[in-house]
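Reading through the structure tokens given below for one structure.
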Amino acid sequence: MLNKNLIDLEDLSTAQIDKLIRKAKKIKQSPADYRHTCDGKILATLFYEPSTRTQMSFQTAMLKLGGRTIGFDNPMNSSVSKGESLKDTITIVSGYADVIAIRHPIEGTAKASSLYADVPLINCGDGGHLHPTQTLTDIVTLSCEKGRLDNLKIGVCGDLLNGRTVHSLIKTLAKYENNSFVLISTPELSVPLYIIDILEKNHCKYEVSHSLADAISDLDMLYMTRIQRERFKSEEEYQSQKDVFVLDKQKLSAARDDMIILHPLPRVNEITVDIDDDPRALYFKQALYGMYGRMALILMLLQDEDFLIYPRESTLCPTRCSNPKCITQTESYLPNLSYEKLGMTMCEYCDKRCQ
């Protein structure tokens, strides 16, 4: 069922995204109406990486729809610890569940998993690559709180290099008319070039800033992210970056009264606690919106026959992806899939240029 896998929100049209948002809003308004819509259905959550919100949000979403959940939150408690391949795990679980939600620390794992899944598969984060259901959370929040997904000035701040939530959010909002972006990071943690390519392809205005204080004054939304310790090669590298951007009351005083603050969470110290009570701080409310978004997604994948997902066309490539963080480096049986972009051959799994 390749047409039912959500690997990247970029595979959805704006009409499909808007349909998902409308469904999430209906569920939020009347959750009791959906209490038995997934009776008898099973969601498998395969989390190879720690998670609180995403995993529990999916589990709660399925339970509130009347379904049940299976899975693991530590691969060492599964046959993965015995050396089982990704292909074998997905093939087996496809026989047990009606839909699979997977998170993995290696880039491209979701796409690789979809090759062997016989049921709809949802990408819940693959390394520093993508996190489409967090983006669904973000845009449901934006739509409910700002009333639109277009004509917005969006600031994204923090680890823009490894921040999969940032990558997915920019790619999705770049589809909507007249959105502009302020990319706030240190030079070492700036967004990957393929994200810049997407902004330019969609004719989105963007600017780069190394100062949160200078960038905050005219934003509609500020999307804060943590500096991710787990993405750094050494503790020294992490320590050199972790406290560069901190949103405090002094910086917030320069922001507009109608600006909203989102954060994918978990928060470390990039937003001070005394901002939590500010009406512009919506990150806890955002997490609740995410549950409704995931309820809508599960329903659309399982019950809406017209909700088909058409990923880009890929071809076999004679060379292996050279990205050391790509799933092809650890799962050697995977076919060398690629696609063409701007005259370059790109890895189908991790979106990095093939050498």
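Structure notes:
- Listed values (1) 37, 21, 18; (2) 30, 25, 20; (3) 46, 22, 18 include one computed from this model; for semi-axes √(5λ) of the Cα gyration tensor in Å that value carries the label (2).
- Among Glu207, Glu107, Glu270: highest mean-square fluctuation, GNM of the chain, C-alpha pairs under 10 Å: Glu207
- Cα-centre dipole for the chain with unit charges at Cβ (Lys and Arg positive, Asp and Glu negative), debye to 20: 600 debye
- Tensor-based shape of region 266-355 (alpha-carbon gyration tensor, a/c under 1.5 rounded, otherwise prolate or oblate): oblate
- Heavy-atom accessible area, probed at 1.4 angstrom with all protein chains present, ranks His129, His36 as His36, His129, highest first.
- Long hydrophobic helices in the chain: the complete DSSP H runs spanning 18 Å or more by Cα along their own axis with mean Kyte-Doolittle hydropathy of at least 0.0 are 283-303.
- For region 16-167, the convex hull spanned by the alpha carbon atoms encloses 123 Å³ per residue.
- Length-normalised contact order for region 95-161 - Cα pairs under 8 Å, 6+ apart - percent: 25 percent
- Qualifying trypsin sites (Lys or Arg not before Pro) in region 304-355, where qualification requires a DSSP coil assignment and no more than 16 other C-beta atoms within 10 Å, comprise Arg312, Arg320.
- Restricting the GluC sites (Glu not before Pro) of region 293-355 to loop positions (DSSP other than H, G, I, E, B) with no more than 15 neighbouring Cβ atoms within 10 Å leaves Glu305, Glu313.
- Neighbour net charge for Asp306 - beta-carbon separation under 12 angstrom, K R +1, D E -1: 0
- Most fluctuating residue given options Gln29, Gln55, Gln134, as computed from a GNM of the chain linking Cα atoms under 10 Å: Gln29
- Loop-located chymotrypsin sites (Phe, Trp or Tyr not before Pro) in region 254-334 whose Cβ has at most 14 other Cβ within 10 Å (DSSP): Tyr333
- Cysteines, the chain, no other Cys beta-carbon under 4.7 Å: Cys38, Cys124, Cys144, Cys157, Cys204, Cys317, Cys354
- Relative contact order for the chain: 19 percent, from Cα pairs under 8 Å spaced at least 6 residues apart, divided by residue count.
- Among beta bridges that DSSP assigns inside the chain, antiparallel share in %, nearest 5: 15 percent
The values are calculated or read from the model by the stated rules, or taken from the named source; none is laboratory data. No experiment lies behind these values; they were computed from the predicted model shown. Counting neighbours? That spans all protein chains shown, and the Cβs are built from the backbone with ideal geometry, glycine included. Calculation scope for accessible area: heavy atoms of the full protein, side chains included, ligands and nucleic acids excluded. Shrake-Rupley method; radii C 1.70, N 1.55, O 1.52, S 1.80 Å.
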